[in-house]
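What follows is a set of notes on a single structure, which appears directly below.
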Amino acid sequence: MADSVNGSNGGEPSPDDRINAVKDAALAALAVADSADALQEWRNQYIGRSGEVTLLLRSVGSLPAEQRAGFGQAANRLKNELEGSFDTRQAEVTAASGPAGAIDVSLPGRKPSGGRLHPITQTVREITAAFGAMGFQTVEGPEVELDRYNFNAMNIPDDHPARDMFDTFWLDRVDEEGARSILLRTHTSPMQARVMEAQDPPIRVVVPGRCYRYEATDASHEWHFNQVEVMAVDEGITFADLKGTLFEFARRVFGPERKVRFRCDFFPFVEPGVDMAVDCFNCEGDPACRICRGSRWLEILGAGMVHPDVLRRAGYDPERYSGFAAGMGVERVAMLKHGIDDIRHFYANDMRFLSQF
Ligand code: YSA
């Protein structure tokens with residue numbers, strides 16, 4: 001049986017049988033090795049430095065000379081085959097068990113969380129769209145404003161007590177007379193004067209923008225908030241136009257079922273003046289309600305017929321032109337729409353809150 005791996009030596013297994021026995025046992029054990037530890041153990045047992053295949057190779061020298069070459073080649077083939085099988089099995093186990101750092105290609109993808117607009121930006125867009133559908137054009141103006149537009153053009157001269165309504169952040173600058181003249185606008189109303197200066201009637205504009213007031217915060221007041229100014233100036237504009245437009249806005253933004261209330265109010269730049277409130281979502285008139293303090297109403301805007309002096313100051317003839325204007329608080333509108341009981345949530349940058357919108 002020269003040169004044969006199959007040569008038998010009496011009762012001893014033939015070299016071929018020895019190789020096949022090791023191969024069968026190794027492949028059977030590999031098929032059930034299902035962890036990194038089990039694979040390592042298998043490797044040690046079969047193809048490691050003291051493994052069974054290594055022992056087969058080492059035993060070549062003890063074989064009859066004519067069997068050595070054939071046996072050695074067969075043992076080497078087995079070693080290569082088992083190393084290949086080991087690599088394949090290791091990849092399977094890694095994919096199935098996913099040890100740290102491994103990529104499990106069978107996992108479903110993770111949905112990236114998309115960015116979205118801030119709820120106040122969404123509300124601004126909803127408000128301007130509601131007025132846009134009624135023919136109003138959106139314009140914007142400066143947040144850092146001149147005293148002259150914020151107050152004087154709006155019929156609020158120096159020392160007028162109405163200035164107290166608007167606790168003001170002044171910039172550290174004085175004019176030639178030593179008076180403070182630049183501020184963070186306290187309302188969007190100065191844009192009434194800027195728009196009237198820049199164009200002739202008919203005017204229908206909405207002006208969204210940030211406003212600032214040096215005042216204490218609570219559930220319905222912030223020191224920084226957003227307003228949308230609304231203004232229509234033309235021949236023959238009446239208080240009925242004001243009411244009709246604001247009712248239609250409320251119907252579009254809050255739905256027909258919400259109650260809206262108008263009351264007389266005073267602003268130096270209108271005559272007559274009103275404020276508009278929407279029924280509180282938070283309470284049944286509970287005096288402890290953080291939003292309305294039991295009044296059942298949350299004021300969202302001030303409004304009125306543009307004062308003749310404001311028209312005159314802008315160069316319009318109040319005998320010919322009339323107009324209405326309103327300034328609404330965007331955060332208040334968003335609170336009423338979404339049932340939010342504290343205005344401060346909007347600017348706390350808490351993703352649990354912001355991701356609801
Ligand atoms: C009135 C008449 C007009 O013809 C035109 C505009 C106006 C509104 C006026 N310029 C004004 O600012 N009135 S207001 O002080 O009562 O504010 C209007 C709205 O802004 C309020 O109804 C409220 O919704 C919101 N607001 C005011 N101060 C706020 C505030 N929102 C949050 N925090 C504050 N501190």
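The values are calculated or read from the model by the stated rules, or taken from the named source; none is laboratory data. Note that the coordinates shown come from a computational prediction; the quantities given were computed from them, not determined experimentally. Glycine gets a Cβ as well: all are built from the backbone with ideal geometry, and neighbour counts include every protein chain shown.
Overview of values
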{"read-out": "Residue tally, condition assigned to a helix (DSSP H, G or I), in contact with an Asp or Glu (Cβ under 8 Å, 6 or more places away or on another chain) and either free of Cβ contacts under 8 Å to residues at least 60 places away in the same chain or surrounded by fewer than 16 Cβ atoms within 10 Å (Cβ to Cβ) (or both), over the stretch 37-95", "value": "5"}
{"read-out": "Cβ-Cβ under 7 Å pairs, at least 6 apart or on other chains, the stretch 146-171 side among the β-branched types (Val, Ile, Thr), far side at pLDDT 85 or above", "value": "156/268; 168/183; 168/186; 168/214"}
{"read-out": "Filter result (of a type in the set (Ser, Thr, Tyr) and farther than 20 Å from residue 209 by Cα) within the stretch 297-354", "value": "316, 321, 322"}
{"read-out": "Some residue of the stretch 314-326 being modelled with pLDDT of 90 or more, within 29 Å of the chain's Cα centre (by Cα) and hydrophobic (A, V, I, L, M, F, W, C)", "value": "no"}
{"read-out": "All positions within the stretch 269-291 that are under 25 Å from residue 325 (Cβ atoms) and either away from the ligand (no atom under 13 Å from the Cβ) or not β-branched (Val, Ile, Thr) (or both)", "value": "269, 271, 272, 273, 275, 276, 277, 279"}
{"read-out": "Test: residue in the stretch 326-340 that is free of Cβ contacts under 8 Å to residues at least 60 places away in the same chain, out of contact with any helix residue (DSSP H, G or I) (no Cβ under 9 Å at 6 or more places or on another chain) and away from the ligand (no atom under 13 Å from the Cβ)", "value": "yes"}
{"read-out": "Pair list, Cβ < 8 Å and 6+ apart or interchain, from the stretch 250-273 residues that are touching a residue at least 24 places away in the same chain (Cβ under 8 Å) to residues that are more than 10 Å from the ligand (Cβ to nearest atom) and aromatic (Phe, Trp, Tyr)", "value": "261/297; 272/239"}
